[in-house]
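See structure below.
The values are calculated or read from the model by the stated rules, or taken from the named source; none is laboratory data. Owing to the predicted nature of the structure, the values given are computational and were not obtained by experimental measurement. Quick reminder, even Gly has a Cβ in these numbers, built from the backbone with ideal geometry, and neighbours come from all protein chains shown.
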Amino acid sequence: MVSSTCFISSCTKDVITPAGNTNGQYLNSNKGSSWVYAIDSAGNTSNVVVTDSTVMAFGKKFTNFHNTYPSGTVYRNFYSYQDGQYSIMITSAAGTQQELIYLKDNVKEGDKWSNTVTPVSTPLLYEYEVTGIGGTRMVNSLTFSDVVRVHCTIASINYQSDAYYAPKVGLIELAEDYATAKYSTKLKSYLLK
């Protein structure tokens with residue numbers, strides 16, 4: 001899984017306003033919370049539901065976000081929030097568990113961090129930079145405030161993305177740019193528990 005985590009609308013320019021205290025609010029791990037995303041490049045939707053399945057790894061509890069596509073393909077993605085860091089657990093082809101930190105609390109625009117994981121055979125260096133904080137963003141006629149925008153680059157495979165996270169809701173939009181293709185994932189609807 002290249003994108004850190006795991007939309008068709010009109011977008012507005014980000015309006016920068018001071019962000020409130022959002023510690024831990026960019027990941028809702030409550031059982032039954034759900035999100036529907038539109039993936040415009042494939043004409044698909046992705047339905048994500050939080051289950052009660054958890055895994056302990058790296059001294060953290062990771063919760064299963066069950067992701068189903070109309071084709072019947074199902075992905076089990078495990079996410080965690082602890083000590084101001086949001087992470088996803090990646091299992092390599094060899095079965096080794098690895099942690100990828102994709103977002104942090106209390107960031108400022110320009111903050112950077114990186115992680116190296118080996119999902120298959122070659123290590124990939126994920127380089128993150130906060131490129132917007134405290135903005136307002138409209139996605140599919142839904143308006144979100146205190147949005148954090150994080151840019152990710154994996155130079156070795158010519159990959160870049162911009163992910164937008166809103167408090168309580170989490171990921172609201174993801175724009176990915178591979179060497180040969182672009183993908184856009186946008187939140188259509190959600191139910192928070």
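Here is a yes/no grid of residues against (1) out of contact with any Asp or Glu (no Cβ under 6 Å at 6 or more places or on another chain); (2) in a strand (DSSP E or B); (3) modelled with pLDDT of 95 or more:
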| position | (1), (2), (3) |
| --- | --- |
| 146 | yes, yes, no |
| 160 | no, yes, yes |
| 164 | no, yes, yes |
| 168 | yes, no, no |
| 173 | yes, yes, yes |
| 180 | yes, no, no |
| 184 | no, yes, no |
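Which of (1) of a type in the set (Phe, Trp, Tyr); (2) over 21 Å from residue 173 (Cβ atoms); (3) not in a strand (DSSP E or B) does residue 62 not meet, given it meets every other one?
(3)
What pairs can you find where one residue is in the stretch 83-95 and within 15 Å of residue 128 (Cβ to Cβ) and modelled with pLDDT of 90 or more, the other is among the aromatic types (Phe, Trp, Tyr) and not in a strand (DSSP E or B), and their Cβ atoms are less than 7 Å apart, with a gap of 6+ or different chains?
86/26
Select from the stretch 67-107 the residues that are in a loop (DSSP other than H, G, I, E, B) and polar (S, T, N, Q) and write down the one among them that is surrounded by the most Cβ atoms within 10 Å (Cβ to Cβ).
As a first pass, look at the stretch 67-107 and keep what is in a loop (DSSP other than H, G, I, E, B): 69-73, 83-84, 92-96, 105-107.
Next cut, polar (S, T, N, Q) only: 71, 73, 92, 96, 106.
Values: 71: 8, 73: 10, 92: 13, 96: 11, 106: 10.
By that ranking, first place goes to 92.
Go through the stretch 25-64 residue by residue and tally those that are farther than 30 Å from residue 182 by Cβ and of a type outside the set (S, T, N, Q).
Residues flagged as farther than 30 Å from residue 182 by Cβ and of a type outside the set (S, T, N, Q) within the stretch 25-64 amount to 10.
Which number in (1) within 17 Å of residue 47 (Cα to Cα); (2) surrounded by fewer than 17 Cβ atoms within 10 Å (Cβ to Cβ) marks the one condition that residue 177 misses?
Among (1) within 17 Å of residue 47 (Cα to Cα); (2) surrounded by fewer than 17 Cβ atoms within 10 Å (Cβ to Cβ), residue 177 violates only (1).
Quick one: residue 33 ticks every box in (1) surrounded by 13 or more Cβ atoms within 10 Å (Cβ to Cβ); (2) modelled with pLDDT under 75; (3) small (Gly, Ala, Ser) except a single one, so which number is it?
Failed condition: (2).
In the stretch 148-158, which residues are aliphatic (A, V, I, L, M) and assigned to a strand (DSSP E or B)? Please lay out each step first, then the result.
Here is the first cut: in the stretch 148-158, the residues aliphatic (A, V, I, L, M) are 148, 150, 154-155, 157.
Residues satisfying the conditions are 148, 150, 154.
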